[in-house]
1. Take segment 46-64 and flag every residue that is over 16 Å from S87 (Cα atoms) and touching a helix residue (DSSP H, G or I) at 6+ places or on another chain (Cβ under 6 Å).
2. Going by the structure shown, is N204 surrounded by fewer than 17 Cβ atoms within 10 Å (Cβ to Cβ), within 16 Å of the chain's Cα centre (by Cα) and not hydrophobic (A, V, I, L, M, F, W, C)?
3. Of everything in segment 135-167 that's within 21 Å of P193 (Cα to Cα) and within 17 Å of the chain's Cα centre (by Cα), which residue is surrounded by the fewest Cβ atoms within 10 Å (Cβ to Cβ)?
4. In segment 145-172, how many residues are out of contact with any strand residue (DSSP E or B) (no Cβ under 9 Å at 6 or more places or on another chain), not in a helix (DSSP H, G or I) and not polar (S, T, N, Q)?
5. Among (1) within 21 Å of V185 (Cβ to Cβ); (2) buried (at least 19 other Cβ atoms within 10 Å of the Cβ), there is one condition R63 misses while meeting the rest; what is its number?
6. In segment 113-134, is there at least one residue being within 21 Å of W72 (Cα to Cα), aromatic (F, W, Y) and part of a helix (DSSP H, G or I)?
7. Only one residue in S214, S172 is under 27 Å from A78 (Cβ atoms) and either of a type in the set (D, E) or in contact with a His (Cβ under 8 Å, 6 or more places away or on another chain) (or both), so which one is that?
8. How do the strands (runs of 3 or more DSSP E) wholly within segment 173-259 filter down when requiring 2 or more residues that are of a type in the set (G, A, S): which remain?
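Only the coordinates and a few stated rules stand behind these numbers; no lab work does. Keep in mind that what you see is a predicted model, and the values were worked out from it rather than measured. As a convention, Cβ positions derive from the backbone with ideal geometry for all residues, glycine included, and neighbour counts pool all protein chains shown.
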Amino acid sequence: MKGKLIFALFLLAGSGLAANLNADSHEGEGTSLPPLSEVWVMTPKEGHASEFEAAFKEHVAMRKTAGDPRSWDTYTVAMGSEMGSYSVRHCCFDWADQDTYVEWVNGTELDTHWNENVHPHVASYAHYIDVVDWKNSHWPADSGEWNYVGVTRWNPKSGEGAARGEALSKMSSTAKENGWDERWVWLTAVGGPNNLMLAVPYQNYADMAPPETSFYDFMVKHTSEETAVSTFQAFENSFWGAEYTVYQLRRDLSTPRDE
C-alpha cells in the first residue's frame, strides 16, 4: 500500500536545482504574481520537423524584433506519450492582460508571418490556459536554472474536489513548513481536459533520481503515519489515473530574454 501511495506523490521528490519562470522566480507563499500561464502545443507534419524548427526560429527572431512584451519558453518531449510535439509557454499574467496582448498581436504582422511560414509544417494545434496555485507551490527567487521539467497530469474524479484540495494543501504545507528542499508548482488546466498538474524542474537526468528520504517518510516524520496514509489515500482516490511527461527546455526555440 505504501509503495502505491508514494507513486502518487513521487514527483514531490524532484530536483533541488530549480529555475525561474520566464525570467522571474517567485515564492509560492502569498505571492502577488499573476496566476495564469498560456500554452500552445504544436505537432509538426510527418517529415517536416526540420522545416518546422527552421521556420519557428525565424518567427522567434521576428517576435523579438517586433518587441513582443511576452517571453515564450519552448519545450520538446524527452519522455512521454507525446513525442514529436512542441509546447510553447508564457507565465505569468491576469485575464485582462490577455486582452491587451491579443490587441498588441493584432497590430503586428506576426500572425501573417506564422501562417505563411510556420503553419504549412504544422499538423495539429492545442491551446490552453493553466491556472497556477501559488499558495501551494514552492518556487523561490534563488532557484537557478533548469533544463528539464517533469509534469504529472492527474485526471480528477467528479465530486472529489474538496477532499483533493484538502489533501493537496496538507501535503504542500507540510513540505514548506518543515523544509522539504525541493521546488514544485501546482497548475489546473482551463480548456481541454480539466487536469491537475504538478511541475518539478530538473537540471539533468541525475536530478531525477529519488532522494534518500521519500516524501512519504518525510510526511510521517513531521505529522504521523496515520495522517500521511489518510492524506495520500484521499489524494490518490480523487483521480482516475495519472500520466507523467518529461519536457526538455529548448532555449534555441525560445524567445530571447533581455538581461
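1. Scanning segment 46-64 gives H48, E51, M62.
2. Details: surrounded by fewer than 17 Cβ atoms within 10 Å (Cβ to Cβ): yes; within 16 Å of the chain's Cα centre (by Cα): no; not hydrophobic (A, V, I, L, M, F, W, C): yes.
Taking the combined requirement at face value, the residue does not satisfy it.
3. Within segment 135-167, the first condition is being within 21 Å of P193 (Cα to Cα), and the residues that meet it are 149-165.
Still in the running and within 17 Å of the chain's Cα centre (by Cα): 149-155.
Details: V149: 24, G150: 23, V151: 20, T152: 20, R153: 19, W154: 19, N155: 13.
Across segment 135-167, the extreme among qualifying residues is N155.
4. Number of matching residues: 1.
5. Going through the list (1) within 21 Å of V185 (Cβ to Cβ); (2) buried (at least 19 other Cβ atoms within 10 Å of the Cβ), R63 breaks only (1).
6. The answer is yes; a qualifying residue exists.
7. On the way: S214 fails: either of a type in the set (D, E) or in contact with a His (Cβ under 8 Å, 6 or more places away or on another chain) (or both).
Among S214, S172, only S172 is under 27 Å from A78 (Cβ atoms) and either of a type in the set (D, E) or in contact with a His (Cβ under 8 Å, 6 or more places away or on another chain) (or both).
8. Numbers: elements: 184-190, 196-202, 239-249.
So the answer is 239-249.
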